[in-house]
Amino acid sequence: MTYEPKSLKVVGTRPVRHDGPDKVTGRANYASDFTLPGMLWGSILRSPHAHAKVISINTDKARAHPGVKAVITGADLPLPPPGVTQAGESAINTQHLAKNLLARDKVFYDGHPVAAVAAISEAIAREALGLIEIEYEVLPHVIDVDEAMKADAPLLHDDLFTEGVEPRPETPSNIAKRIVVSKGDIEKGFAEADIVIERTYTTKAVHQGYIEPQGCVANYAEDGQAMVWCSSQGQFVIRDLCITMLGMEASSLKVIPAEIGGGFGGKTTVYLEPLALMLSKASGRPVKMTMSRGEVLRATGPHSGSSMTARIGAMKDGTITSAEVVIKFQAGAFPGSPVGAAVMFCSAPYDIPNLSITGYDVVVNIAKVHAYRAPGAPNGAFAFETVLDELAHELKMDPIDFRAKNSAVEGSKSPYGPTYGPLGGIECLSSAKNHPHYKVNLGPNQGRGVASGFWINIGGQSAATVVVNRDGTISLVEGCPDIGGSRASLAMMCAEVLGIAAEKVRPSIVDTTAIAFNDVTGGSRVTFATGIAVVQATEDAVRQMRERAAKMWDIDVDQVGWRDGAAQEMNGNRSLTISQIAQKAAKTGGQIMGHASINASGAGPSLTTHLCDLEVDRETGKITILRYTAFQDAGKAVHPSYVEGQMQGGVVQGIGWALNEEYIHDENGRLENAGFLDYRMPVASDLPMIDAVIIEVPNPNHPFGVRGVGEAPIVPPLAAIANAIYDATGVRMRDLPFSPPKVLAALEAAEKAKANG
Amino acid sequence: MQYQSPASIDEAVAALATIGGARVLAGGTDLLVQLRSGSASPAAVIDIKNIAGLRTISETAEGFRIGAAVSGAEITDHEALVRAWPGVTEAAGLIGSTQVQGRASLGGNVCNASPAADTTPALIAARAVAEIIGPGGRRSIPVEQIATGPGKTSLASGEIVVSFLLPKRPARSADAYLRLIPRTEMDIAVAGAGVSLTLNEDGTIADARVGIGAVAPTALVLDGAPGILVGTKLEDAVLEKLAQMAGAAARPIDDKRGTIDYRRKVVGVLAKRAALIAYERAKGAR
């Protein structure tokens, strides 16, 4: 489907979201709200060690404990055949997944599941965990990515040989993969440069921080049919991973999506569901499992900590001639960090003739990392956009002008291969430059930072069904969990095509047996890809309604048009509303239902530029964000409020990451801050209103011009804040997070350096 | 686990004395978190919220008496108390969030004996006295004598802190409390400082008391502070001396919330800033 400009009545307006009232009144049902008669409680025993051999496991006492109905260990979960399941931006290795769900001969991180118990109460299940006897042989561990790459580092997997290196290494290491993106000749490019700056950066592992912990109920019946109720970013990927783990048929498992309390990429895989199914199968009873916040932080998601070196050269006129970047990512216990995105996208807003960007995927003793909003891109942008800021200062150029001079535009070749279509980078930069925010004068100890970001966005498989009800209302059936207002935007696109109000379309996200396979909600793909499916399904319904009208009027369907929610006779005055057609449907051929199932391509990248003003308390090192404005190309904002909401949410997560969020491990590799008290996400009072300026450069591959918007806004904040700290204090900070003790230490070190000349 | 909700202090004291390992429950904002995390599993919780007098604030000839189970929100809503003790009340108002404020009690904050308790440095600066009832009767001790270490108190078995007495204030008196947290709320002090001052008519300081928190196993009285502050108008050099004294008195640890070096510096900054606020308030106080 291609974009064509048209006058719009619904798309671009701001109706109340369909799921809003249930959420604000507490009626929405989340994962842990579901209960079945006879239900048991499942609980997980987790490794207290960052790295250890499991010598023995004895579950006898736990099994004998009154009230315990099932106990499982890694021995009960045979390795599935080797394979990869695609889950949005993550490729999930099924054997690694099985080893992550329940450890076998080794535990790889503090929190790694070793056994699980189902009992008649949560308290009894927890008691039983205490009765499981495990003998460990503690091994040296490694968490820091640079340390893990050293030849003498503790080795996690003795069968891991670096991919992407020729010839294949003869010895195993923690480096799972090397990825290189290059073009031109970087040394020639650096030779042409008048100035070259090289800097090194580090970031700590951070968590997605969704408010709703993972939870599920599983019910495995005697005939091999099963159901799982859980919140996720994709009921189909949950189903596919579960059936792979348990060796089930797809039609035997119904996964029912609960309302989801945040995912940010972290809920595109399974942690509990296969265990709950196994416990249910073993006990013959439904089993509920929910994680505590401590379990969430220790054993799910996090996003990679990283170590990066960026070297960029530019000529006096501001032309960037060459860039070389090396990016190392923590993968966690098993290979598969999002370092590839950092490699491909850190320079993607710019057209740079000579590039060499290398990424390393490195296993370390923390939980296997999982996707987090624009996975990998914020790390890369932190390094790249901060060196750009230094170059702009050295060249005495305005940082926005410097970026604009080097911006990729339609027709530029992307670092990762394809040639760009229409792109909103320049529009974001000029909008930022002309915005009142950029002109406000700052006071003492205040600074302003600029940074840009890029996210590719994806398409993928989506299906939609448009059911026409007798009263003229529409039931819109879809299969992508709503994590950012997609129900509203999809219903609005349906309403636009039909020519009715958004409120007349009721969207439902249905279980795995009620619609064709849908890819996960990830990659900012739903409003784009499912949006196309919805438009096609709606057009299918419109076509059928025109046919019915033609039948009712006894004219040729070519003589029937469609306008404002009604079939219109082209050569006459007759019209039939949706409800008039639907009420006669039984007599004109049966009930009317439009359908589409697609694999969408052509998602347009989203570019963004951020302005951040902050103040540094020079005596305490505490940073206060004063003003923040995000400019982003949305292609077309179907529901501007939820586009703004996505932009604000991404910025806030980026601010948290920049200022205080970090995984802190003790000397034994145990996570010290496994709770929201000391894993410091921002609270509302920490933040100013985040201003969102929507830029609309239509995506030619979507009927309304939509680009994904959910991920790009988390990309620039790390660099924007680092650049603003420099502007406020003259100090460059390159190691995240910029927490008060670190900022104060950096300020004092700078003072000392100045005093020593 | 038993739950008891006695109607009188005597009943509560009897229950505490007879059930080994029983814990007092007021707002529960610390205890319930400990129960849920498994770090505490008492045989019984004794809920003191329904005991007459423990949830009231009264003004007498001696000063203000605040019941141990009075919540932060009730404290910050009490206009006369806020006027007399702006520092103590702002410390109570800093704990947790709006929701937590509805429950978190003054007695709980002090008796939880966290080194980082926000009200303790402010109460120390205020010369607050804790009134205790136990099997052996009634006694009163200065508030700094309650906590003896992280999570540990000097209370004997069966003893309950029932109220805090804030003494009557002379004219031109005021207090202030400041803490450093990386966020703006829902956090625990990395360092804290409470300052209470009384001024002479000419604006010089007649009386001063400073408490610091989160920089030692318990909140500390800064014993040397009056010697530095009394007779001055908080000139820059005086403030610098106060900051240095606070940093030197601190015995902090390195942990996930801050380094030794950082805490020493910041507690000095906070003492200085709190002193300035208290001074400005005292100038305007009746």
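Applying the condition of being within 14 Å of chain B (Cβ to nearest Cβ) and not hydrophobic (A, V, I, L, M, F, W, C) to the range A:580-639 and asking which residue is farthest from the chain's Cα centre (by Cα) yields A:Glu619.
When the range B:204-217 is filtered for residues that are assigned to a loop (DSSP other than H, G, I, E, B) and more than 30 Å from A:Met681 (Cβ to Cβ), only B:Thr204 remains. Here A:Leu156 fits the description: of a type in the set (A, V, I, L, M, F, W, C), closer than 17 Å to A:Gln330 by Cα, surrounded by 21 or more Cβ atoms within 10 Å (Cβ to Cβ) and not assigned by TED's automatic domain parsing to the domain that holds A:His665.
Here B:Arg209 meets each of (1) more than 22 Å from B:Pro86 (Cα to Cα); (2) more than 14 Å from every other protein chain (Cβ to nearest Cβ); (3) basic (Lys, Arg); (4) crowded, with 20+ Cβ neighbours inside 10 Å with one exception, condition (1). Looking across the range A:661-681, the residues that are within 22 Å of the chain's Cα centre (by Cα) and facing chain B (nearest Cβ under 9 Å) come down to A:Gly675, A:Phe676, A:Arg680, A:Met681. Consider the range A:432-455 and keep the residues that are among the small types (Gly, Ala, Ser) and not in a helix (DSSP H, G or I). The one that is surrounded by the most Cβ atoms within 10 Å (Cβ to Cβ) is A:Gly453.
With respect to B:Arg273, is the statement that it is under 20 Å from the mean Cα position of the chain (by Cα) and either within 14 Å of chain A (Cβ to nearest Cβ) or assigned to a loop (DSSP other than H, G, I, E, B) (or both) true? Considered against the rule, which asks whether it is under 20 Å from the mean Cα position of the chain (by Cα) and either within 14 Å of chain A (Cβ to nearest Cβ) or assigned to a loop (DSSP other than H, G, I, E, B) (or both), B:Arg273 comes out as yes. Contact map, the range A:216-244: residues that are on the phi < 0 side of the Ramachandran plot paired with residues that are buried (at least 24 other Cβ atoms within 10 Å of the Cβ) and of a type in the set (Phe, Trp, Tyr), Cβ distance under 6 Å, separation 6+ or inter-chain. Pairs shown: A:Val217/A:Trp229; A:Ala226/A:Tyr220. The residues on offer are B:Arg264, B:Arg273, and the sole one that is of a type in the set (D, E, K, R), at pLDDT 95 or above and under 22 Å from B:Gly149 (Cβ atoms) is B:Arg264.
Scanning the range B:255-269 for residues that are surrounded by 21 or more Cβ atoms within 10 Å (Cβ to Cβ) and more than 8 Å from chain A (Cβ to nearest Cβ) turns up B:Arg263, B:Arg264, B:Val267, B:Gly268. The set of residues in the range B:19-60 that are of a type in the set (Val, Ile, Thr), touching a residue at least 24 places away in the same chain (Cβ under 8 Å) and either in a loop (DSSP other than H, G, I, E, B) or surrounded by fewer than 16 Cβ atoms within 10 Å (Cβ to Cβ) (or both) comprises B:Ile19, B:Thr29, B:Ile48, B:Ile51.
Filtering the range A:682-705 to residues that are under 22 Å from the mean Cα position of the chain (by Cα), buried (at least 18 other Cβ atoms within 10 Å of the Cβ) and within 14 Å of chain B (Cβ to nearest Cβ) leaves only A:Pro682. Within the set A:Ser307, A:Ser356, the sole residue that is touching a Phe, Trp or Tyr at 6+ places or on another chain (Cβ under 9 Å) and assigned to a strand (DSSP E or B) turns out to be A:Ser307. Output the residue which, of all residues in the range A:643-656 that are in contact with a strand residue (DSSP E or B) (Cβ under 6 Å, 6 or more places away or on another chain) and either more than 13 Å from A:Ile625 (Cα to Cα) or without any contact (Cβ under 8 Å) to a residue 60 or more places away in the chain (or both), is surrounded by the fewest Cβ atoms within 10 Å (Cβ to Cβ). Among residues in the range A:643-656 that are in contact with a strand residue (DSSP E or B) (Cβ under 6 Å, 6 or more places away or on another chain) and either more than 13 Å from A:Ile625 (Cα to Cα) or without any contact (Cβ under 8 Å) to a residue 60 or more places away in the chain (or both), the one surrounded by the fewest Cβ atoms within 10 Å (Cβ to Cβ) is A:Gln648. The set of residues in the range B:229-253 being within 16 Å of B:Asn200 (Cα to Cα) and under 23 Å from the mean Cα position of the chain (by Cα) consists of B:Leu229 alone. Residue check: is B:Leu234 assigned to a loop (DSSP other than H, G, I, E, B), surrounded by 18 or more Cβ atoms within 10 Å (Cβ to Cβ) and more than 11 Å from chain A (Cβ to nearest Cβ)? In short, yes. Considering only residues in the range A:649-660 that are facing chain B (nearest Cβ under 10 Å) and not polar (S, T, N, Q), the one that is nearest to the chain's Cα centre (by Cα) turns out to be A:Gly656. Condition (residue is more than 14 Å from chain B (Cβ to nearest Cβ) and either on the phi > 0 side of the Ramachandran plot or modelled with pLDDT under 95 (or both)) applied to the range A:727-735: is it met by at least one residue? Checking the range A:727-735: at least one residue is more than 14 Å from chain B (Cβ to nearest Cβ) and either on the phi > 0 side of the Ramachandran plot or modelled with pLDDT under 95 (or both). Checked against (1) among the small types (Gly, Ala, Ser); (2) within 14 Å of chain B (Cβ to nearest Cβ); (3) under 14 Å from A:Thr609 (Cα atoms), A:Ala746 meets all criteria but (3).
Taking (1) modelled with pLDDT of 95 or more; (2) outside any loop (DSSP other than H, G, I, E, B); (3) not basic (Lys, Arg) in turn, A:Ala123 satisfies each apart from (1).
Out of the residues in the range A:126-146 meeting the condition of being within 18 Å of A:Lys368 (Cβ to Cβ) and in a loop (DSSP other than H, G, I, E, B), tell me which one is farthest from the chain's Cα centre (by Cα). Going through the qualifying residues, I end up with A:Leu139.
The values are calculated or read from the model by the stated rules, or taken from the named source; none is laboratory data. No experiment lies behind these values; they were computed from the predicted model shown. Every residue, glycine as well, gets a Cβ built from its backbone with ideal geometry; the counts of neighbours run over all protein chains shown.
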